[in-house]
Amino acid sequence: MTDEQLSRRLSYLLRHAPADLGVTLEPGGWAPVPAVLRHLRVSREQLERVVATNDKRRFTLDGERLRANQGHSVPVDLDLSPAVPPPVLYHGTHPAALPAIHREGLRRMSRHHVHLSPDPETARRVGARRGRPVVLTVRAGEMHGAGHVFSLSENGVWLVDAVPPEFVEFPG
């Protein structure tokens, strides 16, 4: 298995299908490393390399525990503390999603949170997964002031339950 394949497989297992590993995620979203290695039939060295070199820093390895930093669709408490966001954050999406975002704002869909990026470049990369990206600006400071709770994952992704449309700025 290549490192890219392992990264994709880890994302799937830790975020969406921990039962395939034969585990229930521990508080904080942790899975035992021995179960991961056994299921994927990879070496500890390859696992450590993928965690260390993942460009999005999707995973955290802590001794004999491993977790995905965010993006889960299974019930899990990531044990993240509330944090004060910067005045502006960004969200990358695709053009087909814009009518729904105009009406409903940003929704978490099948995930636990809406993911927001600290800069337009990161948001553009995220949005490019489905073709030509559109980068939206989120007035996070105003949202926070209105009572919305934000948290910051270990890899710098800002998380919030939803972004109402009145806090979203559309390009052009």
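The values are calculated or read from the model by the stated rules, or taken from the named source; none is laboratory data. A quick note: this is a predicted structure, and the numbers were derived from the prediction, not measured. Neighbour counts run over all protein chains shown; Cβ positions are idealised from the backbone, glycine included.
Tally time: how many residues in region 78-100 are touching a helix residue (DSSP H, G or I) at 6+ places or on another chain (Cβ under 7 Å), over 14 Å from Gly141 (Cα atoms) and surrounded by fewer than 19 Cβ atoms within 10 Å (Cβ to Cβ)?
1
Just a yes or no: is a residue in region 36-45 at positive phi, modelled with pLDDT under 90 and not aromatic (Phe, Trp, Tyr)?
Scanning region 36-45 turns up no residue that is at positive phi, modelled with pLDDT under 90 and not aromatic (Phe, Trp, Tyr).
Going through region 68-86 one residue at a time, which ones are touching a Leu at 6+ places or on another chain (Cβ under 6 Å) and farther than 21 Å from Met109 by Cβ?
Passing the criteria: only Ala83.
Exactly one of (1) touching a residue at least 40 places away in the same chain (Cβ under 8 Å); (2) surrounded by 18 or more Cβ atoms within 10 Å (Cβ to Cβ) is unmet by Val36. Its number?
Only one criterion is unmet by Val36, namely (1).
Determine which member of the set Arg67, Arg58, Arg9 is buried (at least 17 other Cβ atoms within 10 Å of the Cβ), under 22 Å from Arg124 (Cβ atoms) and not acidic (Asp, Glu).
Arg58 is the lone residue from the list that is buried (at least 17 other Cβ atoms within 10 Å of the Cβ), under 22 Å from Arg124 (Cβ atoms) and not acidic (Asp, Glu).
Residue by residue, here is whether (1) farther than 22 Å from Pro164 by Cα; (2) touching a Phe, Trp or Tyr at 6+ places or on another chain (Cβ under 8 Å) holds:
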{"site": "Glu4", "(1), (2)": "yes, no"}
{"site": "Pro18", "(1), (2)": "yes, no"}
{"site": "Leu25", "(1), (2)": "yes, no"}
{"site": "Ala35", "(1), (2)": "yes, no"}
{"site": "Arg49", "(1), (2)": "yes, no"}
{"site": "Phe59", "(1), (2)": "yes, no"}
{"site": "Leu66", "(1), (2)": "yes, yes"}
{"site": "Val74", "(1), (2)": "yes, no"}
{"site": "Val88", "(1), (2)": "no, no"}
